[in-house]
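Laboratory data are not the source of any read-out in this text; all were calculated from the coordinates shown. As the structure is a prediction and not an experimental result, all values here were calculated from the model. Positions of Cβ are backbone-derived with ideal geometry, glycine not excepted, and every protein chain shown enters the neighbour counts.
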Amino acid sequence: MIVELTLNGSPARLEVPAHWTLLRMLRDAAGRTDAKHGCGEGVCGACAVLVDDVAVNSCSLLAPQVDGASVETVAGLAREGEMHPLQEAMLGSGGVQCGFCTPGMVISAVEAIRLGAAGSDEEIRHSLAGNLCRCTGYGKIVAAVAAHRDGSAAAGGFAGAAPGGADRTEAGGEGAAPAPGVGIGP
Amino acid sequence: MSKVAVDQAHRVVGSELVRHDAVEKVQGKTVFAADFSLPRMLHAMLKRSEYAHARLVAVDVSAAEAVDGVVAVYTAADVPNNTVWVDVPGQTLEVGALKARSNVLADELVRYHGEPIALVAAETEDAALAALDAIVVDYEPLPVLDDPERALDPDAPQLHEAGNLLAHWELEEGDVEAAFAGADVVVEGEYQTQFIDHAYLEPEAGVAWRDTDGVITIRAATQVVEHFRDVARILELPDNKVRVIAPYIGGGFGGKEDMTVEPYLGIVAASTGRPVRMVWSRQESLIARQNRHAVRMRYRTAADADGRLLAHDIDILSDGGAYALLSALVLLYSTTCAVGPYRCPNARIRCRTVYTNHTPCSAMRGFGGMQVTLGYEGQMDRLAGELGLDPLELRRRNFLEKGDVLPIGQPLETAVALPAIADAVLERLEPLPEPGGPRRAVGRGFACNLQPYGRCVWLNDWASAWLGFELDGTLTIRIAVPDIGGGQASSLVQIASEVLGVAPERITIHIGDSALNPLTGTTTATRQLYMSGNAVLEAARELREALAGVAAGLLEVEAEELEFRVDGVRVRGGDRELDFRTLLAACASVNVAWHVLATYRAPKGIPWQAEESWRGRVFPDFTYGCHAVDVEVDLDTGQVRVLGYVAGHDVGQAINPQSVEGQIEGAVAMGLGYALSERVVFEEAQNLTATFAQYLIPTAVEVPAIESVVVESGEGMGPFNARGIGEPPIGPPAPAVAAAIRAAVGIELTELPFTPERVSAAIRAAGGGR
């Protein structure tokens, strides 16, 4: 069947079998691999995309259900080649490790901020509870969302300062370390 | 080695550089294994066993072959070399064979639920799925062996020719019996850990094709590109006709250390000549991928009245599952780390791992050094309780020091900064919060650990790296390192930038390719920063020396007077300088190479001998840590909530402090899942936790704010005296949580995970927690 939608701001007309999920349509028909297949049962959130601004697990929606809708993957968040400020904040905080959960995590965080559901760290954690991450322990992701919400997101790029920087302590012992590393100035 | 010192010490190293790979990942641009496709690509899937133990009477694939779109169906007889023999190191002499067998596709017998039986390749995924359904397997069920104690009974079902004892390590040091006889206090404990899954977010996946000159090329999510040799053996091809490419990996944690999709992709690509993709479902990954070993530990521990350890008597039985994989080495880590980061002059350590019909167990972050933390730290807490000592004070009285030797004979040659780490953790602790209600209790627990970094010294580990300038002044690094998310690649960029001055954004690193990049070994064993970092450091220093020689001639100064900066080379303290472009043109004109290949070799050692008298060095070095956790226990439901967490480790020198923190925080979160919620559940060796709705990894709500404390002793065997940090922080969370629950409600929990059911039952058994 034919599904017509707006995909990342551009009109798209895709022919897919009716039993395909939105995730499969995005990946296999539209070539959008920035939605990830993590579990296929709506638990991990790696496939999250925005459908008319609402974050959904695209593995749990059938492709025909988005006929006429506007769908945004993480790539759709960029404006005029610039990353979304939340993405910049994720870079500054070190919220990206393996990166597989990241697109879905960014989508959920963008929605949480839009809904005003990122008021406190605890609220951010609840807003991201549908997105599993196995690498970061979540703290640096929460810090990124908080930094973005507060408009103080550290810019990425060379030696971008990170919120909550390292706490480093010199230990004794022979051949003690040289002075702790100092980042290159901005 | 270069004589040219690095004069701008720690200019880039030690800074929180934004990782180049993160910039792509956060935009969804990274092409992971399953994101890659080729024209006319086939789709491959596996038919897996429904039984944990059965004889295959018949496997009928005729109906599957007739499914429209199916190109090929393979069973064991179709695999050129279906039998894979793996070395089982250690005290295995009386086990019989020194090697253990596993099959690419099951032949005659299946020994675990989910074992691959047949392989299907089809034009579409739907056709491949239909073909799997059309395969008819006639099973003759056999008795299931799912208890490791039972596995050692002579009348138990024998799962392999050589019997059920897969491997064992045993040692006795000092006079254990005399130490117990003279002890002021003796404590005993039995501890049980569970099977857990790596649960990386990226399921196992890859694409393969037959490339120029018949080279079977496999681009797959793997921690080990060196598996090209194993695939070649299976395909009966020369080693140099198989190439493995590792793109950026969506998490590994040891689960992508053994092969996953590689042999199957190789079989289809070699036999059909067409590109092929295989992507495992989450259910396949959870059912059939290897687990962390479940381990039963019995500890008997003696101490004097001041709390100084006199002896440990330790018996460890580990469930290795249906095939050998890396169980023997995992057990060696348990043997080495069994007494923890404490001086223990007398020790008897007996470790055994056995076959059962559970899913095979193998590598997972912590690799045998993790399970034993529950045992040795549980014993330290019991001792503290017996002696009325503060648990951290008891530990301080026993901390290892530089120069000490572990019971296995391992010397400790670098700083053991545990006192400084513990101090730093204490400094960061807030007062213990008040309970949130009348039927709740709060408590604080501590745990310390040691974990090796680097492979066993007798494996003669090495890592190579190629560094070369381009004539425009940019720098290229070629190194076959797989990056599994820990910043393996970006740390190397920082190291090269540190030595050569070139700005990180002007460095391109090509990783994870067994044919085109110098091999640097596996991204396992917390070895990659240590090994590939040293290789890049050595290459960078050699390259710097070559360029400095040419620059010194042009600038008419000694090479030692030069400093390498972002834009070129300058005379220290002066204004004479050369930009890289000019310098490289000069190198070309005088025929001085502007690229180098360097190899770093780890310290060597004498292999373990079967004699129990053998003592010696097992690992290059260790990383130490001290963690503290505050928990709140609901006395009625048994729910344990983690209120706060501080985790300290000595990393020698942080190359990228943010990446170090990321490793610590991520490992703590994984360790808290191990402590509180994660468990692969089997019934008659059938896996009952096949989805993320059943296998519960922590979400952002369960994980607290984790404070990572990065201590830098300046001593370590990695580049710039760094230590490895990938695995070490996963050890302490479980025993720390056990100690905190004990402090809160006075119960001793010894079986992981500490689920609400277990905690509430223990509270009731102890009289209601009041």
Item to check | Distant alpha-carbon pairs in the stretch A:77-130 (separation over 15 angstrom), percent | outcome: 50 percent
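Using a simple charge model, +1 on the beta-carbon of Lys and Arg, -1 on the beta-carbon of Asp and Glu, nothing else, what dipole does chain B show about its Cα centre, in debye to the nearest 20?
So the dipole magnitude of chain B works out to roughly 660 debye.
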Checklist outcome for this item: Between B:I509 and residues 5 or more places away or on another chain, the pairs with built amide H atoms under 5 Å apart involve B:I477
Item to check | Viscosity 0.890 mPa s, 25 °C: Kirkwood-radius Stokes-Einstein D of the stretch B:620-727 over Cα pairs, µm²/s | outcome: 155 µm²/s
Item to check | For A:A78, net neighbour charge (Lys/Arg +1, Asp/Glu -1) across residues whose Cβ lies under 12 Å away | outcome: -3
Checklist entry - Using the Karplus equation 6.51 cos²θ - 1.76 cosθ + 1.60 (θ = phi - 60°), what ³J(HN,Hα) coupling, rounded to whole Hz, does each residue of the stretch B:666-673 give in order, writing x for Gly and Pro? => result x, 5, 5, 4, 5, x, 6, x
Next on the checklist: Taking each pair of distinct Cα atoms in chain B once, what is the resulting Kirkwood hydrodynamic radius in Å?
Outcome noted: 27.4 Å
Next on the checklist: Tell me whether the protein assembly as shown comes out rounded, prolate or oblate; compute the Cα gyration tensor, take square roots of the eigenvalues as a ≥ b ≥ c, and use a/c under 1.5 as the rounded threshold.
Outcome noted: rounded
Item to check | Estimated inter-spin distance, B:R343 and B:V701, nm [label 7 Å along Cα→Cβ] | outcome: 4.9 nm
Item to check | Among B:V629, B:N82, B:A539 - extreme Cα towards positive end, dipole of chain B, charges at beta-carbon | outcome: B:A539
Checklist entry - Under a point spin-label approximation (7 Å from Cα along Cα-to-Cβ), what is the B:R40-B:D472 distance to one decimal in nm? => result 3.6 nm
Item to check | Local net charge near B:L237, Cβ-Cβ under 14 Å (Lys/Arg +1, Asp/Glu -1) | outcome: -1
Item to check | Helical mean residue ellipticity (222 nm; -39500 (n - 2.57) per DSSP H run of 4+; nearest 500) of chain B | outcome: -7500 deg cm²/dmol
Next on the checklist: How shielded is A:118-131 by partner chains, expressed as the average number of their Cβ atoms within 10 Å of its Cβ atoms?
Outcome noted: 2
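Can you give the mean number of other chain Cβ atoms that lie within 10 Å of the Cβ atoms in peptide A:25-35? It would help to have the intermediate numbers written out before the result.
Numbers: counts 0, 0, 3, 3, 0, 0, 2, 2, 9, 6, 1.
Per residue, the average neighbour count from other chains is 2.
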Checklist entry - Each residue of the stretch B:639-655 in turn: what ³J(HN,Hα) in whole Hz from Karplus with 6.51, -1.76, 1.60 and θ = phi - 60°, glycine and Pro shown as x? => result 5, 10, 10, 8, 8, x, 8, 10, 10, x, 9, 8, 9, x, 8, 6, 6
Item to check | Among B:L332, B:F580, B:P360 the positive-end extreme of the charge dipole of the protein assembly as shown (Cβ point charges) | outcome: B:F580
Checklist entry - Length gain on complete extension for the stretch B:D60 to B:E427, per 0.36 nm per residue less the alpha carbon to alpha carbon distance? => result 125.5 nm
Item to check | Signed unit charges on C-beta, dipole axis of the protein assembly as shown, positive-most listed residue A:L50, B:L643, B:L475 | outcome: B:L475
Checklist outcome for this item: Applied in sequence order to the stretch B:677-691, the curve 6.51 cos²θ - 1.76 cosθ + 1.60 (Karplus, θ = phi - 60°) yields integer Hz couplings, x standing for Gly and Pro, of 9, 8, 6, 7, 9, 10, 10, 6, 6, 8, 6, 9, 10, 9, 9
Checklist entry - Which residues' amide hydrogens lie under 5 Å from the amide hydrogen of B:V84, considering only partners 5 or more residues apart or on another chain, with H built in the peptide plane? => result B:S102, B:N103, B:V104
Checklist entry - Mind ordering B:346-358, B:116-128 by average Cβ neighbours within 10 Å, highest first? => result B:346-358, B:116-128
Checklist entry - Non-local amide H neighbours of B:A72 (under 5 Å, H modeled in plane, Pro and chain starts lacking H): which ones? => result B:A121
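List, in the order given, every pair from B:K256/B:K402; A:K140/B:K47; A:K140/B:K29; A:K140/B:K402; B:K25/B:K604; A:K36/B:K241 whose Cα-Cα distance in the structure shown is over 30 Å.
B:K256/B:K402; A:K140/B:K47; A:K140/B:K402; B:K25/B:K604; A:K36/B:K241
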Checklist entry - Rounded to the nearest 20 Debye, what is the dipole magnitude of the stretch A:2-77 about its Cα centre when Lys and Arg each give +1 and Asp and Glu each give -1 at the C-beta? => result 220 debye
Checklist entry - If you wrap a convex hull around the C-alpha atoms of the stretch A:2-77 and split its volume per residue, what is the figure in Å³? => result 72 Å³
Checklist entry - To the nearest µm²/s, what D does Stokes-Einstein give for the stretch B:332-467 at 25 °C and 0.890 mPa s, using the Kirkwood radius over alpha carbon pairs as Rh? => result 137 µm²/s
Checklist outcome for this item: Here the residues of the stretch B:42-71 lying in the modelled label zone of B:D133, meaning backbone nitrogen under 13 Å from a point 7 Å along Cα-to-Cβ, are B:64, B:67-68
Checklist entry - If you place +1 on the Cβ of every Lys and Arg and -1 on the Cβ of every Asp and Glu, how big does the dipole about the Cα centre of the stretch B:585-644 come out, in debye to the nearest 20? => result 680 debye
